[in-house]
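For reference, the structure is listed below as structure tokens.
Where a number appears in this text, it was derived from the coordinates with a stated rule and is not lab data. Because the structure is a prediction, the values reported are computed rather than measured.
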Amino acid sequence: MAAIKDIVKKFTGSEEQKKDLKFTLGILDKLAAAKTDAFKERMKELPEASLGPVRVKADPYWFEARSYVKVSDVPNTMVSGVIDKGLRNSDPDFKSIIADVLQGSLDILLGHVSAGEYKEERQMVTLDENSIIRVDSFVWQYQFDYNGLTSGVNNVFAYGLSLSTVKLDCITEELLRLQIQHMVGAIPNLDPQKREQKEQELFEKLHKKADYFYSAAEKKD
């Protein structure tokens, strides 16, 4: 991955060509930033709109987004770094799966070589001591023709990660199970038997935590 200033600095063309390159890359960077901004705005609707494949209403509380140009791969350390930053107190089993799903999404995205726009969005779930957490991810890439006017810079890449506290009064057992199935189903190259086992393990843990939160809320009332 590279920053625009580094790419321009290493460019060996004329000063005029450098200016053109910097201008072009700046536009691409703004395009990537616009994609993550749009994702962030959608996440603000979660308290009421319950967007996504599993309709779980939640209150957003944390958001991370970045954009890059000239991306050939995304190292595991970057994915784990972002997850540790946002989910440092999250259940380790859930956090590990989230990392696998995110890395899988990135690998799929960066595997595209044809010119065009590509994106992957995922909805996941985890828990900590105080809440059930909805995790939404967004990765986007625009791949250009390798022989374009960007001096070997053949793509622009962006990602966003949003964390939201699930509204317990809007969740059901069916939604909990559906959310687990949706998340585990996105794990790359997982054996079907292990997938079913993992779904049950995580559902039981999530269901137990939800029951605990419900009981605690009833005692307060």
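General remarks:
- Of E199, E120, E48, the one that fluctuates the most in a GNM where the chain has Cα springs shorter than 10 Å: E48
- Sequence-distant contacts, meaning Cα pairs under 8 Å at least 6 residues apart, place the relative contact order of the range 4-167 at 29 percent.
- The sum of -39500 (n - 2.57) across all DSSP H runs of n ≥ 4, divided by the residue count of the chain, sets its helix-only mean residue ellipticity at 222 nm to -16500 deg cm²/dmol.
- Of all aspartates and glutamates in the structure, those lying under 14 Å Cα to Cα from K19, and not within fewer than 8 positions of it along the same chain, are D6.
- For the residue pairs K9/K85; K44/K198; K167/K209; K85/K205, the C-alpha atoms sit more than 25 angstrom apart in K9/K85; K44/K198.
- From the coordinates of this entry, mean projected area of the Cα convex hull in nm² is computed, and it appears in (1) 16.4; (2) 13.1; (3) 14.7 under the label (2).
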